[in-house]
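Data first, discussion second: the structure below is written as structure tokens.
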Amino acid sequence: QAELDAALEASRAEAEAEEARRKAAEKAAAEAAAAAAEVERKRKREGLAAEPAAGTGGAVTLKVRLPNGKSVTRRFAAGTMMAEVYAWLASLDALAGCTNWTLHPPMGHAVEGELAPTDETLEELGLSPSAMCHVRDEDA
């Protein structure tokens with residue numbers, strides 16, 4: 001009986017050690033993925049055109065409500081393409097946990113539905129001189 005108990009205890013200890021190794025590997029992988037995502041967000045931030053100064057003619061002010069209820073605001077040149085607005089939003093730490101999101105114009109806007117990351121400019125889309133848009137988390 002003592003041998004059987006010892007064997008069961010050894011088996012249990014081995015299973016616990018394997019579970020601890022698995023959890024450590026999962027944690028390390030998650031931390032590596034988060035670090036890589038942060039590097040990518042930083043790269044996107046650094047690639048953005050400079051924000052026009054307040055009061056600059058031809059600037060568009062976008063205020064965007066995020067899925068967490070917070071808002072972010074940034075100025076862009078009127079000729080900025082929506083693809084750059086998407087790059088800006090993708091660079092935000094506040095959207096880090098949101099992987100499947102879309103940007104939508106203000107209610108009653110000429111563009112209905114999603115604003116896609118295209119080469120259309122803010123001015124062409126009628127978002128100048130300012131607009132309040134919102135990000136929708138499509139997985140929520």
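The values are calculated or read from the model by the stated rules, or taken from the named source; none is laboratory data. Predicted, not measured: the structure shown is a model, and the values here were computed from it. Virtual Cβ from ideal backbone geometry, glycine too; neighbours counted across all protein chains shown. Ligands, DNA and RNA are excluded from the accessible area calculation, which covers all protein heavy atoms including side chains. Shrake-Rupley method; radii C 1.70, N 1.55, O 1.52, S 1.80 Å.
Side notes on the structure shown:
- Scanning region 90-124 for residues that are more than 16 Å from Asp139 (Cβ to Cβ), modelled with pLDDT of 90 or more and open to solvent by less than 90 Å² (accessible area, probe 1.4 Å) gives Ser91, Leu92, Pro105, Leu115, Ala116, Pro117, Thr118, Glu120, Thr121, Leu122.
- Only one entry of Ala37, Ala33 meets the criterion of being of a type outside the set (Asp, Glu), without any contact (Cβ under 8 Å) to a residue 24 or more places away in the chain and on the phi < 0 side of the Ramachandran plot, and that entry is Ala33.
- Within region 28-48, one or more residues are surrounded by 10 or more Cβ atoms within 10 Å (Cβ to Cβ), modelled with pLDDT of 80 or more and assigned to a loop (DSSP other than H, G, I, E, B).
- Every pair of residues 6+ apart whose Cβ atoms lie under 6 Å, when the first sits in region 59-85 and is buried (at least 16 other Cβ atoms within 10 Å of the Cβ) while the second is of a type outside the set (Phe, Trp, Tyr) and part of a helix (DSSP H, G or I): Leu66/Ala94
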